[in-house]
Amino acid sequence: MEGGKSMKRIVWDPAKCNGCRVCEAICSFVKEGEFNPVKSRGKVVRTVERQIPFSVWVSCLQCEEAFCKAICPTGAISENDAGVKIVNEEKCIGCKMCMIVCPVGAIALDPERGIAIKCDQCKGLEEPQCVKYCYPGALQYLPSERIGIALARAKSEKFLEMAKKEVT
Amino acid sequence: MSNAGTILRVDLTEGRIEKEPTSSYVRDYIGGLSIGTKIFWDGGVPPETAGTDPKNMLIFSTGPLTGTLLGNKCVVIAKSPLFTNKTIGNAGMGGHFPSEMKFAGYDHIVITGKAEGPVYLFINNEEVEIKDAKHLWGLDVYETQTRIREEVKDPDAQIACIGPAGENLVAYSLVLHDIENTASRVGHGAVMGSKNLKAVAVRGTKGLKVADPEAFMALWKQCYEYYTTGKGRIISKLLNREGVAVHYDHYMDKDMAVWGNFDSFVVPPRKKEEQISDFLNKYLVGHIGCAFCPVQCHQVFDVDGIGGGGATCMLYTGFRWAIKNKDLKFWWRCSQLCQRYGMEIVAATGMTAWLMDLYEKGIITAADTDGVPMEWGSEEACLTVIEKIARREGFGELLADGIVPAAHRIGRGSIEYAVQYRNMNVHPGFAPIEGSAGIHIIPGASDVWVHPPGGDIHAVYPWYAPEWGVSEEEAKKIVYEWVSEFAEKTTGDRDSWREENYEKYADYAVVNESAISACDISGHCDWLSDRIPQAGGWWGPEDIARAISAATGMNCTAEMLQDAHRRRRLLELTYCELCSRALGEKEEISLKMLQPRPDGQFKGSFFSIGKIQQVVSRYYELMGIDPVTHLPSRKELERLGLKDVADMLGGLQPEQTPASAEEAPPEESPKRKKGGK
């Protein structure tokens, strides 16, 4: 498959995330028919430091060079037409090597079926549901070539605000 | 199906852990507060029992929607150590603890007895352990949670705990979870403290399935649309941006907030740095809230020199206008100190304002407060009061059981300045006016009495006006119309909600109480329901019933929710009356609440005893309660399937309890069944 030009990817903006976990709830519900953060393909990793919570959203980044796909002993992970890495549930033996090599820890083990579960960007649906229901807009679904400028714009908002204040 | 299915019972005296199915309670009580109250009622805690007695029963109750996208709340229920008649107090709590309870497999956690030494409960799916907490005793609420997470080696354990105030049985201490979620107002912190229970930690990895995923998803989408594009978008946007911080500042702008100890309702003009909007600009670093809610209406602040923490709701109303100090950094210092100690801020504030009032009038001197003068607005006074009460040190010991015992201990007529009902401090932020006066007599009064739209609306339309880009007058018209429409839909009378409408307020309140209850039963947040029509009003009992049906597979209707509410409310009011009788308690209304408002926009408005009685009588009539005995009628109890309660109450004279009736000479007491079941 050719490099990720014009393929859509899910992008997370930490400045907007408030750790609400709607993404976890909707993901496990849509993919597994239950509310269970353990089975969500995206995880909200939360720590509290000096009574201030910090949330990091971790999900498959659809690496251009996917270690999970490379290490899988049964070839259970493949790329679809959109470059999204998908686990073939029949082939997966639950060895967990993909989980170990993933650089961000985006793959989980389904405790009931004993197979790897990871984000497939809600294949079959019109858009990833976590993106659809992210109220603060921390999750976006963007073509790869637009990710850079979208994040640049988001992070330059503070400067733009300051600029407005100077003028008035 | 979205019920986890199990009630967990822990007896700390015996160290016994038992589990039973929730199912037998579901048909008549459905979930949440209603099932929890029924469990309490069945527990047979004698009415005269103190809130800090080991016999007290502490219950954490979730609803069928808790842990789904449509719910995240629990209610904490126990005999209150605060109320003068020791009746049941319940308090809602959110965050991530209630959902985690469901993921671990439990709808309710019921705790009785008292551990020999400090312990905490660790619930990890099926495994339930009572663990030693000696090394945690004395720690503040934040440190407690950090240490427990380290110990159980799980950073995702959700913890509800007490601080030193609860350990020291302060009657208005609270239970706190994470950084800002509390079960507050009624003293559950002291209940836990009296059981030597430092914390309840939960970790759950089981899922919650729903009976009809398609229907549930459709309801979720409908709810989400309300937040984003529907009528609820204004309140969602504002709550997400700043919570109720600015809303409460408008209470001051509209003469709804006290300045001092209820002697004035005009807060002097605030400088820029005394406006909460300025504080938000400077120190807001994040938004948080309850599990799976898009709105995240709580705030995170980080203030140089003081530190970080969370804030929501009532926290914004403490140690500010009531103690005559407008410095917001000082507010942050006081509020975070109360949080750390696990002490409820409204009571602590009310206590301090009362002392300052007494000091100003020369009724007490600095000698009465360990040498610290209770000057209005004094930072030293406020911090000292908080510390001393939390630790029960010095004059703090006099105050730690509530304002009524404190006033009796101080004497000198100080009770006349105590603004309270049943030992609970009247809220200085939205002191009720006119129609909602029934709060003084109706026990367990829910928000419709404490926080009526007729008062709150004055702080809502100025909040909306700049968002809508309209004048305050314009915004006022729109919001008044929303509430009038709601009143018409629910009571057939557009004006039944208006504060001055004594004849009809009870009608409005009964409907609204039931709507709030639908949330307390289901676990759906009542901020996002039609119980606040001034917020746009969506998600009423019909919607909640549909959600419960889709979630659990039961055929739930609004009528069933209403009956589950009524059963709970009647058990609660019955228990309250039996408590009053057992203690010979008579409700007293603070004299200050009967004075006409001396100044401000609502100058002259006041409660008259006659009008209060009118509201209360109508409430009792609508609820099927006898105005003389304060007990539900046999007819209403039997209609609701509570014949056993009717039999237990039957034949009681106005002052009698079942226990005293049994002791009475044979010709005065007809035979009846033992016990309260």
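Note on region A:10-29: residues that are facing another protein chain (nearest Cβ under 8 Å), open to solvent by 10 Å² or more (accessible area, probe 1.4 Å) and touching a residue at least 12 places away in the same chain (Cβ under 8 Å) amount to 3.
Taken over region B:553-565, the criterion of being surrounded by fewer than 23 Cβ atoms within 10 Å (Cβ to Cβ) and either touching a Leu at 6+ places or on another chain (Cβ under 6 Å) or not in a loop (DSSP other than H, G, I, E, B) (or both) is satisfied by B:558, B:559, B:560, B:562, B:563. Looking across region B:114-146, the residues that are surrounded by fewer than 21 Cβ atoms within 10 Å (Cβ to Cβ), part of a strand (DSSP E or B) and more than 14 Å from chain A (Cβ to nearest Cβ) come down to B:127, B:128, B:129, B:130, B:131, B:132.
Candidates are the residues of region B:341-382 that are among the β-branched types (Val, Ile, Thr) and within 17 Å of residue B:592 (Cβ to Cβ); the one that is farthest from the chain's Cα centre (by Cα) is B:363.
Based on what the data block shows, is residue B:353 open to solvent by less than 40 Å² (accessible area, probe 1.4 Å), assigned to a helix (DSSP H, G or I) and farther than 25 Å from residue B:137 by Cβ?
On the way: open to solvent by less than 40 Å² (accessible area, probe 1.4 Å): yes; assigned to a helix (DSSP H, G or I): yes; farther than 25 Å from residue B:137 by Cβ: yes.
Taking the combined requirement at face value, the residue satisfies it.
Applying the selection to region B:229-263, what residues are open to solvent by less than 20 Å² (accessible area, probe 1.4 Å) and in contact with a Cys (Cβ under 7 Å, 6 or more places away or on another chain)? Answer for region B:229-263, where residues must be open to solvent by less than 20 Å² (accessible area, probe 1.4 Å) and in contact with a Cys (Cβ under 7 Å, 6 or more places away or on another chain): B:239, B:243, B:244. For residue B:185, indicate whether it is surrounded by fewer than 18 Cβ atoms within 10 Å (Cβ to Cβ), of a type outside the set (A, V, I, L, M, F, W, C) and touching a Phe, Trp or Tyr at 6+ places or on another chain (Cβ under 8 Å). When the stated conditions are applied, residue B:185 does not pass them.
Output the strands (runs of 3 or more DSSP E) that fall wholly within region B:1-97 and possess 3 or more residues being within 17 Å of the chain's Cα centre (by Cα), or say none.
Details: elements: B:6-11, B:16-21, B:58-62, B:74-79, B:88-93.
The qualifying strands (runs of 3 or more DSSP E) are B:58-62, B:74-79, B:88-93.
For the residues B:37, B:62, the requirement of being crowded, with 24+ Cβ neighbours inside 10 Å, touching a Lys or Arg at 6+ places or on another chain (Cβ under 8 Å), away from chain A (no Cβ under 14 Å) and touching a residue at least 40 places away in the same chain (Cβ under 8 Å) singles out B:37.
The residues listed here are B:356, B:351, B:374; of these, the one that is free of Cβ contacts under 8 Å to residues at least 24 places away in the same chain and closer than 11 Å to residue B:323 by Cβ is B:374. As a summary of the residue check, residue A:41 satisfies the conditions (1) out of contact with any helix residue (DSSP H, G or I) (no Cβ under 8 Å at 6 or more places or on another chain); (2) of a type in the set (D, E, K, R); (3) part of a loop (DSSP other than H, G, I, E, B) except for the one numbered (1). Evaluating residue B:175 against the criteria (1) open to solvent by less than 30 Å² (accessible area, probe 1.4 Å); (2) within 14 Å of chain A (Cβ to nearest Cβ) leaves one unmet condition, (2).
Taking every residue in region B:307-332 that is within 14 Å of another protein chain (Cβ to nearest Cβ) and pairing it with any residue that is among the charged types (D, E, K, R), at least 6 positions away or on another chain, the pairs with Cβ-Cβ distances below 6 Å are B:308/A:50; B:308/B:302; B:310/B:180; B:312/B:180. What's the total number of residues in region A:39-50 that are crowded, with 21+ Cβ neighbours inside 10 Å and at the interface with chain B (Cβ under 9 Å from one of its Cβ atoms)? Residues in region A:39-50 being crowded, with 21+ Cβ neighbours inside 10 Å and at the interface with chain B (Cβ under 9 Å from one of its Cβ atoms): 1 in total.
Hey, can you tell me all the residues within region B:452-482 that are without any contact (Cβ under 8 Å) to a residue 40 or more places away in the chain and part of a loop (DSSP other than H, G, I, E, B)? If the condition is that a residue be without any contact (Cβ under 8 Å) to a residue 40 or more places away in the chain and part of a loop (DSSP other than H, G, I, E, B), then B:469, B:470, B:471 are the ones that fit.
On the stretch given as region B:337-394, residues that are over 27 Å from residue B:81 (Cα atoms) and not basic (Lys, Arg) total 16.
Within region B:530-552, the residues that satisfy the criterion of being over 20 Å from residue B:31 (Cβ atoms) and assigned to a helix (DSSP H, G or I) are B:533, B:534, B:535.
Scanning region B:99-113 for any residue that is open to solvent by 10 Å² or more (accessible area, probe 1.4 Å), away from chain A (no Cβ under 14 Å) and either at pLDDT below 95 or not in a strand (DSSP E or B) (or both) turns up nothing.
Of the set (1) under 21 Å from the mean Cα position of the chain (by Cα); (2) surrounded by fewer than 22 Cβ atoms within 10 Å (Cβ to Cβ), all apply to residue B:170 but (2). Residues of region B:264-311 that are in a loop (DSSP other than H, G, I, E, B) and surrounded by 20 or more Cβ atoms within 10 Å (Cβ to Cβ): B:265, B:267, B:289, B:290, B:291, B:292, B:293, B:294, B:295, B:296, B:297.
Identify, from the list A:103, A:143, the residue that is surrounded by fewer than 17 Cβ atoms within 10 Å (Cβ to Cβ), touching a helix residue (DSSP H, G or I) at 6+ places or on another chain (Cβ under 8 Å) and in contact (Cβ under 8 Å) with a residue 12 or more places away in the chain.
Working: A:143 fails: touching a helix residue (DSSP H, G or I) at 6+ places or on another chain (Cβ under 8 Å).
It is A:103.
Checking each residue in region A:7-55 for being within 23 Å of residue B:155 (Cβ to Cβ), within 11 Å of the chain's Cα centre (by Cα) and not acidic (Asp, Glu) picks out A:12, A:23, A:27, A:40, A:41, A:42, A:43, A:44.
Regarding region A:57-64, can at least one residue be identified that is touching a strand residue (DSSP E or B) at 6+ places or on another chain (Cβ under 6 Å), buried (at least 21 other Cβ atoms within 10 Å of the Cβ) and at the interface with chain B (Cβ under 8 Å from one of its Cβ atoms)? No, region A:57-64 has no match at all.
Across region B:603-616, what is the total count of residues that are open to solvent by less than 80 Å² (accessible area, probe 1.4 Å) and without any contact (Cβ under 8 Å) to a residue 60 or more places away in the chain? Write out each step before concluding.
Residues of region B:603-616 open to solvent by less than 80 Å² (accessible area, probe 1.4 Å): B:604-605, B:607-608, B:610, B:612, B:614-616.
Cutting the leftovers down to without any contact (Cβ under 8 Å) to a residue 60 or more places away in the chain gives us B:604, B:608, B:610.
Result for region B:603-616: 3.
In this structure, is residue B:626 acidic (Asp, Glu) and touching a residue at least 60 places away in the same chain (Cβ under 8 Å)? Spell out the reasoning first.
Details: acidic (Asp, Glu): yes; touching a residue at least 60 places away in the same chain (Cβ under 8 Å): no.
No, not satisfied.
Taking the condition within 11 Å of another protein chain (Cβ to nearest Cβ) and of a type in the set (A, V, I, L, M), does residue B:217 pass? Spelling it out, residue B:217 is indeed within 11 Å of another protein chain (Cβ to nearest Cβ) and of a type in the set (A, V, I, L, M).
The values are calculated or read from the model by the stated rules, or taken from the named source; none is laboratory data. Owing to the predicted nature of the structure, the values given are computational and were not obtained by experimental measurement. Every residue, glycine as well, gets a Cβ built from its backbone with ideal geometry; the counts of neighbours run over all protein chains shown. Please note that ligands, DNA and RNA were not included when accessible areas were found on the heavy atoms of the full protein model with its side chains. Shrake-Rupley method; radii C 1.70, N 1.55, O 1.52, S 1.80 Å.
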